[in-house]
Amino acid sequence: MLPSEDTFQGASGADTVEVSVMEGDSVTLYTGVQTNQQDRVRWYFNDTRIAQINRDQSKICTDVQCNEDTERFRDRLKLDHQTGSLTITDTTDTDSGVYKLKISSGSSDSEKIFNVNVHGVSAAERDEVKRKEGESVTLYTGVINNTNDVMTWYFNDTLIAEITGDQSKICTDVQCKERFRDRLKLDHQTGSLNITNTRNTDSGEYKLLIIIIIINSSFSITRVKRFNITVIVSQSHQQHLSPEARSNYWTPSQGHPSEGS
């Protein structure tokens, strides 16, 4: 599901922006202004205050700091001190609802409403992939790369590939080069990652982050997609290995390999 923006004027006269995201995404709701000492920015979720910047920035709060009766977001809110824009990380379906922005500047007030809908993640978004050693595997993004988007791939939290606009980069640091040895390929159209000649040490979690930026939009989305890959080596192949090399391999009877093996 690709994000899009629909803006209309609600009954109160405030602009209302429709925001649709997938569970686990991060979303940033933009104020569209640069705050100054005359501005007071307040954010409400279903009429409960969840974030605020005072005019002199003497009070900046989020979630339970603003309102002792709510711990809904549990450190998942981030407030941009320069613009007052609000980021909600690791969204869940309980984050669906109406987010109201109020900006007080001098003698004038303005409002903006974001109607956020968080949709459940399909099984395809949490792929479990098994391959025999030596086979290739492609991890599909499911999207067409937009020149405004940024895609980054991580293996067990190590950055291994990145596409920014029409520029792509495969990691060249020692850890990545030693592990994959020129076996990574990026599809420039989709950002999908291909791993050739897989090895047992390629087993682990591959995480894709897609920063989706819509020009002239009131929000942006960071999409997260995870792939758990298991590469299985045959018993017959292990018999030909030295004891030292054999200790680095595993079979289904040994359980799942540890992260970063």
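Taking the criterion of being among the hydroxyl-bearing types (S, T, Y) and more than 30 Å from K100 (Cα to Cα), would at least one residue in the stretch 211-228 satisfy it? No, the stretch 211-228 contains no residue that is among the hydroxyl-bearing types (S, T, Y) and more than 30 Å from K100 (Cα to Cα). Summed over the stretch 136-158, residues that are in contact with a strand residue (DSSP E or B) (Cβ under 8 Å, 6 or more places away or on another chain), open to solvent by 40 Å² or more (accessible area, probe 1.4 Å) and at pLDDT 90 or above total 3. In summary, S105 fulfils each of the numbered conditions (1) at pLDDT below 85; (2) open to solvent by 60 Å² or more (accessible area, probe 1.4 Å) with the single exception of condition (2). Candidates in the stretch 175-202 are the residues that are among the polar types (S, T, N, Q), free of Cβ contacts under 8 Å to residues at least 60 places away in the same chain and not in a loop (DSSP other than H, G, I, E, B); of these, the one that is most open to solvent (accessible area, probe 1.4 Å) is Q175.
Can you tell me which residues in the stretch 24-61 are β-branched (V, I, T), at pLDDT 75 or above and open to solvent by 40 Å² or more (accessible area, probe 1.4 Å)?
Once the filter is applied, which keeps residues that are β-branched (V, I, T), at pLDDT 75 or above and open to solvent by 40 Å² or more (accessible area, probe 1.4 Å), the stretch 24-61 yields V33, T48.
How many residues are in contact with a strand residue (DSSP E or B) (Cβ under 6 Å, 6 or more places away or on another chain), farther than 17 Å from N115 by Cβ and open to solvent by 40 Å² or more (accessible area, probe 1.4 Å) when one looks only at the stretch 75-102? Qualifying residue count for the region: 1.
The values are calculated or read from the model by the stated rules, or taken from the named source; none is laboratory data. Keep in mind it's a predicted model, so treat the numbers as computed, not measured. As a convention, Cβ positions derive from the backbone with ideal geometry for all residues, glycine included, and neighbour counts pool all protein chains shown. Ligands, DNA and RNA are stripped out before the accessible areas are found, and what is left, the full protein with its side chains, is counted by its heavy atoms. Shrake-Rupley method; radii C 1.70, N 1.55, O 1.52, S 1.80 Å.
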